1. Please specify each residue of segment 4-42 satisfying the condition of being farther than 19 Å from residue 71 by Cα, assigned to a loop (DSSP other than H, G, I, E, B) and either in contact with a Lys or Arg (Cβ under 7 Å, 6 or more places away or on another chain) or among the polar types (S, T, N, Q) (or both).
2. Restricting to segment 1-38, what's the tally of residues that are touching a residue at least 24 places away in the same chain (Cβ under 8 Å) and either in contact with a Pro (Cβ under 8 Å, 6 or more places away or on another chain) or among the hydroxyl-bearing types (Ser, Thr, Tyr) (or both)?
3. Would you point out the residue of segment 64-78, among those that are touching a strand residue (DSSP E or B) at 6+ places or on another chain (Cβ under 8 Å) and in a loop (DSSP other than H, G, I, E, B), that is modelled with the lowest pLDDT?
4. Suppose we filter 81, 53 for residues that are modelled with pLDDT of 85 or more and charged (D, E, K, R); which single one remains?
Amino acid sequence: MLQLPPFGIRADQVERCLKESLRKLELTYVDLYLIHVPFGLTYIDDNNPFPSKDDGTIDMDVDTDLVAVWKVRILHKKIYKLTISLVF
């Protein structure tokens, strides 16, 4: 199981995050790719996993499209199942 990082919960970031995780773990596929929370965080760079606003609050990505992220799974033969937890 791998977890999609909160800053990667965008359709255009899934493939990049997946490839990087597979490379680091020396794997060719993953049985389960987990989206831990039903919202994303604004992507700045890989070294800033929890971006914050000037007031110190977490910078949430209010445009997170979980359906688009889900559809990316269909395009990849390297993900067997994609699941979302902590849906409120």
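1. 28, 42
2. Final tally of qualifying residues: 8.
3. 78
4. Only one candidate qualifies: 53.
The values are calculated or read from the model by the stated rules, or taken from the named source; none is laboratory data. All of these numbers come straight from a predicted model, not from anything done at the bench. Positions of Cβ are generated from backbone atoms using ideal geometry, with glycine treated the same way; all protein chains shown enter the neighbour counts.
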